Amino acid sequence: MRSLKNLVRARELPVFAAFLIVMGGTSLAVPHFFSGKVAIDLFLGVAVIAILAVGQTFVIVMRHIDLSVGSTVGFSAFLIGDAYSKGMGLGTGMFLAIGLGLLVGAMNGFLVAYLKLPSLVVTLASLYIVRGIFNEFATGQTIIESEVPPAINWLGLNRFFGIPYLFLIGFALVIIAGFVMKRSRAGRDLYAIGSNPQAAELAGIPVARRVFFAFVATGGITGLAGAVLLGRFNSANPNSGLGLELLVVAACVVGGVTIAGGAGTVYGAFIGAILLQGITLSIGALGIPQFWQQAVNGSLIIGAIALDRYLSTRVKTTTIMGSKNE
Amino acid sequence: MLQSGRNEAGATPMLTISNVSKSFGGVRALVDASLDLYAGEVHALLGENGAGKSTLLKTLAGVHTADSGVIKLNGQEFKQGSTKASIEQGVAVIYQEPSLFPDLTLAENVFIGRQPIKSGLVDWHTMEVESKKLFEGLGINLNPTAKARGLSIADQQIVEIAKALSTEAQVIVMDEPTAALSAKEVDRLFEVANRLRETGHAVVFVSHRLDEVFALCQRMTVMRDGSTVGTQLIADTSEAQVIQLMVGREVAELFPKLDVQPGEIVLKVENLSSDGNFQGVSFEVRAGEILGIAGLVGSGRSEVVRAVFGVDSYDQGSVTLLGQRVPKASPSKSMSRGMALVPEDRRQQGLFMPTSIARNSAVTLLKKLSRGIFLSGKNESKVADKWGKVLQLKSASLLDPVERLSGGNQQKVVLAKWLATEPKLLIVDEPTRGIDVGTKAEVHRLLSEKAKEGMAVVMVSSELPEVLGMSDRVLVMREGRLVGSFERSEATPEKVIGAATGAMNKA
Amino acid sequence: MSRFHITWDKGVGLFLVFTILLGTFSSEYFATTSNLTFIIRDVAEIAIIALAMAYLIIAGEIDLSVASMLSLSSATIGFLYRAEVPFEVAMVGGVLVGLLAGLFNGFLVTVLGLPSLAVTIATLALYRGMCWILLGNKPVNQLPSEWVNLGYSQIPGTFLPWTIIPVVVLAGLAWFVLHGTRFGRWVFAIGVNSQAAEFSGIPVRRVKLALFGFTGIMSGIAGVIYTLRFASSSPDGAVGYELGVIAAVLFGGVSIAGGIGTIWGVISAVLSLGVIRSALQLIDFSANALLVVSGSLLLISVIAPQVTDYVRNLRSTVSTTKQIQKNERVNHE
């Protein structure tokens, strides 16, 4: 019974409720809105962002941010196709993609965890650097359909009992990540670090190590997301992934992973990504010009941040006068 | 060196600190400090601010490593310099402001970093059950699944104590634990401390409050200027003797109070209230008067003066300066009318640490120093120079950042910055906290002189001798209300502390 | 730490000279008047926004939506002009829209208390979205030629583009206000310790609101210049410019932690980046090299203070230990 009460109080519930309202409301306005096709669009559209949002959660929970994911995911996608087009197998391609992600993650992690540089600046810089190297490496080339490894192509096109595989990959990742965050000491440490960094040090938590490996993990997940990106669009080019980082952060914030750190779950981030995608589809279905999409997204994020702030200030510490009332 | 008290059983100490010294840069925080701690006792650690208590505690906690000296726990060398090591060796420090993780549950706060594991996974159920047991063992009813955010300081301390017990700590240090507690919560804490004592733990109780020390502790050690100057059985000593040890000289010497005839009413505070902070506060201050506001930490004094000055807002009541209503919540307006506030926390509220002495001194005067919009850097230095001489600021250069100065000199800079505005009303909140005794006297001399020149002074202070020595009148606050007002002639430590703790009826 | 930063921004000035020399040696076309014209024109918008961003970061805040505000200003101009509003009025409208957008950011941060990093990521999307709403898919390309010429051409008789005038004037004003007025002191004070600033009577919230508004106006002005330069008002202009602005500001010696920075350093950094970009283009290095260089410079600008702090701490610990050892030796004698 207690777990049901906790479920109701969870931060994730309002996000999920918002999703239902958006989809439901649009269904009322537009007949046949929630059809199988829309569902597929939803699942496919959300796949990449959802996976990236899971990784970003590790980092945001600790009061950091990783803005380099857009550049890295694009580069990873390209590497897979490029490797395949040069005769190397899928395995090699995946190795390169995930390896790149881990490398970028390690670089970010080292600078943030051990040199104690602000993550905003560090990941902003790596966003630049990785995109620059990517552009140079890929100069003007595009990975076309024939260069996409068949396995990835297949995953991108097919479904498991009606649900696209790309989405299921993301879903599986969320379950695993959620489990790790809740049931491992390392995962709990991430929350502690974000909730009160000084107390975390005093409590003997190996803060630098955790921060470092969180960035590495995010990097690895980003590398994996590259495969999904490639599967989703069946192509990759130097513009792949451009601007994705902001959508990812938005999905997290909307999903209850507060920028202040210490709270929120990967489930919430996942639902946040789904909500954003749902709104995109609704806008299209409602006949609202596509041009409103970004403005709506922006307003939504502002609303989510404001709501989050309001909720956290409502719980006031017991005050001088209140404490005597026992 | 006074006789050190021995445990009745004549057993060997659990913890021995021998001739420990520690310096930071040029500042000597600990000088040959020594302390013996026995199992089953509550040992008071006394001393003024800046005496070295905090450094000693932090050394035990593993935050610092002593430069020299030996620390032994149960006969074994105590491993220093690592908070993790201190916890593992059984030393737990509960700070004045307990620092929990607001987003985590109480159970998780208790077991942070050491969550119970079952088949490789965090075992939430066991964690909750065990923490519930710990809370009950302390006689307190807390819900282990509640998040820590919003918990009262008193409850946070209980969680910290439970955490200490869960690490099987043998030595539990409490740093000014009663500072923010109500009377009832203090009683509850004492019961917990006694329970710890009965179960063979050693408790160190750091406090300023002599009545509490005498009620709870068996032995005490006094620190002064970085050294331990005396250890005694509580039974063998008295408050007066303890104060003597803490201060090191006759109390009267310290406070060169000049006699002044109070003039017109400068400040009038009527029925000031702020929800949850203070209620119905009214008082007046005249020119030339020094009004002391005493009370335990957390009684709302700083909140009141901050509201008067305008840094915080208030809900009801009014503030009038020289007959004119002062608009609320606007420090700049209060300043322009002639008010000044030397805040409680000089590092966070009073100074810009990395900025130069010159700029710090002049920051309140920028309007006066500018001609139109042009600000002259030269004028800034002139101001700092002038006040530096008045306050006898010893420093290499006015361009040095204030963080290089000693606590006493830093406080002088804060005073300079405010005195430069030539206020009609000067409010000082803990004016000599963390300052060496010599500078303390200088600050007091300065305040007395200013009062004589006609300035109205409001002084919030937790140091009883200071309040009694400096004030023309003493107001006492408790739990947000004004509960006492004494003229200089009738104010005694007993009356003031009595009103502050509401302990008039206590044994 | 502040002493190092003061040395740092002088260092950026030297770096600028160094890059100019490098550019001169790397290509014969570099030191030509037409190239110098190009560089100045190229950095004008970033320079103007960087002035305001410097103030904001010194005060401890940040604004990631500046590129979108620039674009919104440009889109407003196009939108109004298309609606047959006189072009001069449209330009003023663009600047005003920038101001409003900046004030809205300021409102969210100072009144609602939202964190500036997160909230300006959101307004980045919001303002960009509004560009699309205003113009749809159709950029406005028919702009009055007399104004467009100003955006593109030089002051007669010199190699200086007209756009240098607003840059110099605004930079001069920004420098003066920051280093020579009470308001400037306030900005630094707020960045060093906003709580102490409040306790010292500084109206922290009002100042921050003003700074966000200032950032908006500058973005608006940059939007006007951008529109004239490219002779077009479109919804997808200046994408990613915020990164260039922030990179220049940080590399120019403004500390991301707040409380430290100079206008001179920021201008030097903006020019340096412009020079590097031009040099790379002239020697046929791809624009990607610039991305990598900008990113690296950004990293260097935050790593360097850490390194010097570490070295300084190391030195002081060593000397303290030596002092203690000396004292102990004396005691044992």
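Nothing in this text is a laboratory measurement; each read-out follows from the coordinates by a stated rule. Being a predicted model, the structure only gives us computed values, none of them experimental. Every residue, glycine as well, gets a Cβ built from its backbone with ideal geometry; the counts of neighbours run over all protein chains shown.
Details
- Each of B:G75, B:S54, B:T231 was scored by the projection of its Cα onto the charge dipole of chain B, and the greatest displacement toward the positive side belongs to B:S54; charges sit on the C-beta of Lys, Arg, Asp and Glu.
- Cβ-placed point charges (K, R +1; D, E -1), dipole of the protein assembly as shown about Cα centre in debye, nearest 20: 760
- Working from Cα pairs under 8 Å separated by at least six residues, relative contact order for chain B is 15 percent.
- Toward the positive end of the charge dipole of region C:2-323, with +1 on the Cβ of Lys and Arg and -1 on the Cβ of Asp and Glu, the farthest Cα among C:I190, C:A122, C:N137 is that of C:I190.
- Per-selection metrics, chain C (Cα): Rg and Dmax in Å: 22.3, 94
- Between region C:23-87 and region B:252-313, the alpha-carbon centres lie 54 Å apart.
- Calculated diffusion of region B:146-206, Stokes-Einstein form, Kirkwood radius summed over Cα pairs, 37 °C and 0.692 mPa s, µm²/s: 272
- Alpha-carbon Debye profile of region B:427-494, log10 I(q)/I(0) at 0.14, 0.25 Å⁻¹: -0.44, -1.26
- Signed unit charges on C-beta, dipole axis of the protein assembly as shown, positive-most listed residue B:A491, B:V319, A:N108: B:V319
- Ranked for footprinting exposure by Cβ neighbours inside 10 Å, fewest first, A:I40, A:I301 give A:I40, A:I301.
- All aspartates and glutamates inside 19 Å of B:K368 as judged from Cα atoms, apart from same-chain residues fewer than 8 positions distant: B:E380, B:D385, B:E422, C:E198
- Region B:301-352 - charge dipole about Cα centre, Lys and Arg +1 at Cβ, Asp and Glu -1, debye rounded to 20: 180
- Cross-link table B:K147/B:K328; B:K53/B:K84; B:K58/B:K495; B:K367/B:K424; A:K37/A:K86, entries beyond 29 Å C-alpha to C-alpha: B:K147/B:K328; B:K58/B:K495; A:K37/A:K86
- Per residue of chain A, the DSSP helices (runs of n ≥ 4 H) give a summed -39500 (n - 2.57) that works out to -24000 deg cm²/dmol at 222 nm.
- Computed FRET value (nearest 0.05) for A:K37 with B:Q76, which takes r as the C-beta separation and R₀ as 56 Å: 0.20
- Cα gyration tensor category, rounded, prolate or oblate, for region B:165-320 with a/c compared to 1.5: oblate
- Region C:121-168 - Rg (one decimal) and Dmax (whole number), Cα, Å: 16.0, 45
- Whole-percent pair-distance distribution, where bins are 10 Å wide, for the alpha carbons of region B:116-234: 11, 39, 31, 13, 5, 0
- The mean sequence distance of close C-alpha pairs (under 8 Å, at least 6 residues apart), as a share of the length of chain C, puts its relative contact order at 34 percent.
- Spin-label model distance (nm) - B:E168 vs B:E453, 7 Å beyond Cα toward Cβ: 6.4
- Förster-model FRET efficiency, 56 Å R0, A:A172 and B:R488, C-beta, rounded to 0.05: 0.15
- Normalising the average separation of contacting C-alpha pairs (under 8 angstrom, six or more residues apart) by the number of residues puts the relative contact order of region B:351-422 at 48 percent.
- DSSP beta bridge pairing in chain B, given as percent antiparallel to the nearest 5: 55
- Sequence of B:I234, C:I260, A:I259 once ranked by neighbouring C-beta atoms within 10 Å, starting from the fewest: B:I234, A:I259, C:I260
- Gyration tensor verdict on region B:289-432 (Cα atoms; rounded if a/c is under 1.5, prolate if a/b is larger than b/c, oblate otherwise): oblate
- Whether region B:1-154 is rounded, prolate or oblate, judged on the alpha carbon gyration tensor where a/c under 1.5 counts as rounded: prolate
- One equal scatterer on each Cα of the protein assembly as shown, no solvent, Debye formula: the resulting log10 I(q)/I(0) at q = 0.07, 0.08 Å⁻¹ is -0.77, -1.00.
- Label zone (A:S146, point 7 Å along Cα-to-C-beta; backbone nitrogen cut-off 19 Å) within region A:87-103: A:87-90.
- Separation in nanometres of the label points that stand 7 Å from Cα toward Cβ, at B:N19 and B:K382: 5.7
- Lys, Arg +1 and Asp, Glu -1 on Cβ, resulting dipole of region B:442-490 about Cα centre, debye, nearest 20: 120
- Distance histogram for region A:13-91 (every C-alpha pair counted, 10 angstrom bins, percent rounded to whole numbers): 14, 28, 29, 22, 7, 0
- Along each principal axis, taking the top coordinate minus the bottom one, the Cα set of region C:183-313 gives 54, 43, 22 Å in descending order.
- Each principal axis of region A:10-310 carries a Cα extent, and these read 57, 51, 34 Å when sorted largest first.
- Gyration tensor (Cα) of region B:351-422, equivalent ellipsoid semi-axes in angstrom: 20, 12, 10
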